Amino acid sequence: MNWEGPAVRIDHHEEGLVNDLTIQDTAAASTGSILLDFIRAWDQSAVDADIATCLYTAILTDTNSFNIRTDSGVFQDAAWLVQKGVDPVRVAGFVYRRRTEAYMRLLGRALSRLSFEMDGAFAFMVLRREDFQATGARGHEAENLVEFPFSVEGVMIAAKVQQDRDRWRISLRSKDPFSAERIAKAFGGGGHMNAAGAVVSGELSDVIVRLRAEVKKELGI
């Protein structure tokens with residue numbers, strides 16, 4: 001069933017759908033942070049342990065485990081939510097330590113084709129439809145695989161190119177002063193300075209050529 005009534009957008013991204021009402025703060029670390037501020041301004045007593053856990057999880061995952069877009073305010077929000085009943089160890093266990101065998105096999109295939117270019121400043125991996133068919137992994141299980149090439153010393157920009165039916169999903173990460181967002185916008189996507197993405201159509205070889213060109217432009221080489 002498709003909802004046809006009024007819609008409210010709460011977001012910390014610049015890009016997005018136009019809705020009847022928009023609550024937007026592009027400076028916020030996460031959408032969870034915006035919701036937390038809204039609820040506390042309205043009635044902070046409404047935040048029980050269950051709501052606090054949802055908000056904490058949103059902040060944890062959107063900041064990539066407090067690795068990006070994180071300042072003292074983010075940690076203060078996290079601490080406030082823990083005081084409201086969040087169990088950080090339990091949340092981390094649910095989010096990061098429930099991998100499937102299919103995920104591990106998909107990771108192995110992705111890492112086996114990991115490419116390093118531009119004197120090691122750019123790393124990327126490609127996942128095709130057959131990789132998911134062969135391993136039994138589902139699309140969402142590949143969501144954060146881009147973090148593996150990004151974690152390699154010397155890599156300034158990392159990308160994952162993932163087949164999604166007849167399109168390709170590009171996930172990007174970058175280290176300052178380079179911008180993943182500028183690269184994503186060149187493909188019609190968007191996101192944040194250090195984490196962004198786009199969805200494109202076309203042949204994989206053409207997508208990779210375009211991606212290399214945009215990364216070179218961003219790296220200034």
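The values are calculated or read from the model by the stated rules, or taken from the named source; none is laboratory data. Bear in mind that the values here come from a model prediction, so they are computed numbers and not experimental data. Here the Cβ positions follow ideal geometry from the backbone for every residue, glycine too, while neighbour counts run over all protein chains shown. The protein model used for the area step is the full one, side chains on, heavy atoms only, and it has no ligands, DNA or RNA in it. Shrake-Rupley method; radii C 1.70, N 1.55, O 1.52, S 1.80 Å.
Points to keep in mind about this one:
- Residue 167-residue 206 pseudo-label distance in nm [points 7 Å out on the Cα-to-Cβ vector]: 1.6
- Selection from 125, 30, 41, by position along the positive dipole direction of the chain (Cβ): 125
- For residue 176 and residue 82, the FRET efficiency from 1/(1 + (r/R0)^6), where r spans their Cβ atoms and R0 equals 25 Å, is about 0.30.
- The apolar share of the surface of the chain, taken as the fraction of accessible area on carbon and sulfur atoms (1.4 Å probe, ligands and nucleic acids excluded), comes to 51 percent.
- 1.4 Å probe accessible area per residue over the stretch 105-158, in Å²: 50
- Considering all C-alpha pairs of the stretch 97-152, those separated by over 14 Å amount to 52%.
- Sorted largest first, the principal axis extents computed over the alpha-carbon atoms of the stretch 109-221 equal 38, 28, 23 Å.
- For the stretch 120-171, the relative contact order comes to 45 percent (Cα pairs under 8 Å, sequence separation of at least 6).
- Cα-projected label distance for residue 118 with residue 138, points at 7 Å along beta-carbon direction, nm: 3.4
- Multiplying the residue separation of residue 97 and residue 25 by 0.36 nm and removing their Cα-Cα distance gives an extension gain of 22.8 nm.
- Farthest towards the positive end of the charge dipole of the stretch 170-217, among the residues 208, 191, 178, is the Cα of 178, using unit charges on the Cβ of Lys, Arg, Asp and Glu.
- Within the straight-line cut-off of under 15 Å between alpha carbons, the aspartates and glutamates reachable from residue 175 are 147, 153, 218, sequence neighbours fewer than 8 places apart in one chain being disregarded.
- When the alpha carbon gyration tensor of the chain is reduced to an equivalent ellipsoid, its three semi-axes come out at 32, 20, 19 angstrom, largest first.
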